[in-house]
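J.: Can you read through this structure? Questions will come right after.
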Amino acid sequence: MLMKKSLFICCFVFLASLVAMPLLAAQGDAVPTSEPFTGKVLVEGLDAPWGAIWSPDGHLWVTEREGKRLIDVDPATGAKTTLLEIDEVKTGPQHEGLLGLALAPDFKTSGLIYLTYTYLDGKDEKHKIVRAKYDPAAKKFGEPEDILVGIPAGSDHQGGRLLFGPDGNLYLTKGELGHNQGANRCKPNEAQTLPTAEQVAAKDWSAYVGKVLRIKPDGGIPDDNPEINGVRSHVFTVGHRNPQGLLFIGDQLFSVEQGPSTDDELNHLESGGNYGWPLIAGYIDDQAYAYIDWSKVDGCDKIAGDVYIPADQPSVKETSQDKSKFKEPVRTFYTVPTTYNFKDPKFGQLSYLGWATIAPSSLDYYPPDGPIKAWQNSILISSLKNGAIYRVPLSGDQKQAQGDITKYFHTPNRYRQVLVSQDGKKIYVLTDKAGNGLDENGLPNQTMKNPGAIFVFEYAPQAAPAK
Ligand SMILES: [Ca+2]
Ligand SMILES: [Ca+2]
């Protein structure tokens, strides 16, 4: 089974009302949904909103990936102002541009915000982290200062989520640039490649693809970063595909990453851990995935490489690895048998939309004392492909997933980030401005209903239940 039955039971009540009503039709529309949430469009037409955080005065600070801007959005009215524009940002249709942002823990005194984006270094595309200082009089940020430059970048799987930990260090998710698939299928995947001492000394960060990095606020390497294969670098964890979500709950770090044709992952990240990609997708179970190094296949550029297992190519079984060297995910979305139909004709040319994945893009935490009782101590995950929020309840020690996954707030859009309001009563969702997803009937949709929007779903226990 692709999904547990309970997932559908929960969602149908909510979905039914969404389909029946013109929800989220236009900016400012307040449209009743089924109890207990109402939904509205706060703002629309942003230039690919990618990351959002709460500002010190309770506004949303949002990066526009293609707009190359950091903007302030009033969460009550949707009014927006520009805080910073960065001309140097190199944009692309999907993965390149201004990405994550993080407020310095000492913002009140330092006024610093950290941002991460792709840029051109000569002809080479790279990825960097900068910081900029807030000018309260001008209500704008000043010229950014480089913190860490020369991180690899490319046209696919950039990662890009940025977060401060309770340890005062910065964490950055870095994808493996989509190597070994699609247009980049003949480039070797280096998510398992480790930096050498010589590379670190030369500030050659080429092995940072497919990793989560841990970085001092001045760009340096923390003294207590893991020594992996005898080398300490910015690398905190290894073996990721396209990690786009990062979350601390207390001092516990979680991530979500996009799997190949199955096995999107929720991971609990531990220092020095190896999360398996591309040798392993999801659990070490040989289900619907085996690694093929296309760069070593004769005539690679002439073969229409795909990400699931072609019967006629040499592949490496997951179970041939030493299991003790790898960390398995907390949860997958979803693990399916090798016999799964990856080419369901109802998805036409966009067959990947029928694969057993949700394309997770971010995650946030619903706290144990939040007013939505059923949601307490849960992780919320935004889905690009399905335009929905998935809720994963956690165990009491907040380290394991527990219970059924439920799905909420589906619309024919791609959800880039989910953010819980500070009072726990509202859920904010950023949408992509373009791309492919699934419509109300679970069929391919190439026209986003609310491009570049921020939605607000408000908990409304007093609202009448939907019939
Ligand atoms: Ca993994
Ligand atoms: Ca597997």
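J.: Cα-based Rg (one decimal) and Dmax (whole number) for region 159-268, in Å?
T.: Both quantities, over Cα of region 159-268: 13.9, 41 Å.
J.: At 222 nm, what helix-only mean residue ellipticity would the chain give, in deg cm²/dmol to the nearest 500, using -39500 (n - 2.57) for each DSSP H run of four or more?
T.: About -1500 deg cm²/dmol.
J.: Asp397: net charge of surrounding residues, Cβ under 15 Å, Lys/Arg +1, Asp/Glu -1, itself excluded?
T.: Within the 15 Å Cβ shell, the charges total -1.
J.: Now a separate question. Given H placed on each backbone N at 1.01 Å, which residues far from Phe236 in sequence or on other chains put an amide H within less than 5 Å of it?
T.: It is Val212, Leu213, Arg214, by chain and number.
J.: Another one. Once you have the alpha carbon radius of gyration of region 292-442, what is it after dividing by 2.2 N^0.38 Å, with N set to its residue count?
T.: Ratio of Cα Rg to 2.2 N^0.38 Å: 1.27.
J.: Cα centroids of region 411-450 and region 94-169: how far apart, whole angstrom?
T.: Computed from Cα coordinates, the inter-centre distance equals 24 Å.
J.: Here's something else I'd like to know. How far is the Cα center of region 251-272 from the Cα center of region 42-65, in Å?
T.: Distance between centres, Cα-based: 24 Å.
J.: Using a ≥ b ≥ c from the Cα gyration tensor of region 50-98 (square roots of the eigenvalues), is it rounded, prolate or oblate, where a/c under 1.5 gives rounded and otherwise the larger of a/b and b/c decides, a/b for prolate? Could you put the intermediate results ahead of the total?
T.: On the way: a/c = 2.50, a/b = 2.13, b/c = 1.17.
In terms of gyration-tensor shape, prolate.
J.: At 20 °C and 1.002 mPa s, what whole-number value in µm²/s does Stokes-Einstein give for the translational diffusion of region 48-372, with Rh from the Kirkwood sum over Cα pairs?
T.: For the chosen part, D equals 104 µm²/s.
J.: How much net charge surrounds Gln252 when only other residues with a Cβ under 10 Å from its Cβ are counted (Lys, Arg +1; Asp, Glu -1)?
T.: -2
J.: Could you work out how far the C-alpha centroid of region 192-245 sits from that of region 306-375, in angstrom?
T.: Each part reduced to its Cα centre gives a spacing of 25 Å.
J.: Another one. On the first, second and third principal axes, largest extent first, how far apart are the outermost C-alpha atoms of region 242-284 in Å?
T.: 32, 18, 14
J.: By how many nm would the segment from Ala137 to Ser206 grow when fully extended, if each residue of separation counts as 0.36 nm and the alpha-carbon distance is taken off?
T.: Working: separation 69, 0.36 × 69 = 24.84 nm, distance 4.05 nm.
The span from Ala137 to Ser206 would gain 20.8 nm if fully extended.
J.: Starting with the fewest neighbours, write out Arg131, Arg65, Arg416, Arg232 ranked by other beta-carbon atoms found within 10 Å of each beta-carbon.
T.: Starting with the residue having the fewest Cβ neighbours, the order is Arg232, Arg131, Arg416, Arg65.
J.: Taking 0.36 nm per intervening residue step and subtracting the Cα-Cα distance, what contour gain separates Thr193 from Thr82 on full extension?
T.: Numbers: separation 111, 0.36 × 111 = 39.96 nm, distance 3.97 nm.
Here the answer is 36.0 nm.
J.: Would you mind getting the Kirkwood hydrodynamic radius of region 367-467 from its Cα pairs, rounded to one decimal in Å?
T.: 14.5
J.: Based on the Kirkwood radius over alpha-carbon pairs, what value in µm²/s does the Stokes-Einstein equation return for the translational diffusion coefficient of region 92-158 at 37 °C and 0.692 mPa s?
T.: For these conditions, the coefficient is 254 µm²/s.
J.: Points 7 angstrom from Cα along the Cβ direction at Gln462 and Thr338: gap in nanometres?
T.: 5.9
J.: Which cross-chain or sequence-distant (5 or more) residues have an amide H under 5 Å from the amide H of Ala288, H modelled 1.01 Å from N in plane?
T.: When sequence neighbours closer than 5 places are left aside, the close amide H contacts are Thr338.
J.: First select every other residue whose beta carbon is under 9 angstrom from the beta carbon of Gln158; then total the charges, Lys and Arg +1, Asp and Glu -1.
T.: It works out to a net charge of -1.
J.: Using modelled amide H (1.01 Å from N, peptide plane; none on Pro or chain starts), what sits under 5 Å from the amide H of Leu269, excluding residues fewer than 5 places away?
T.: Close amide H contacts, sequence-distant or interchain: Leu253, Phe254, Ser255.
The numbers here are math on the coordinates, done by the rules we state, and not lab data. This structure is a prediction, so every number in the text was calculated from the model and none was measured. Here Cβ is always computed from backbone atoms with ideal geometry, including for glycine, and neighbour counts include all displayed protein chains.
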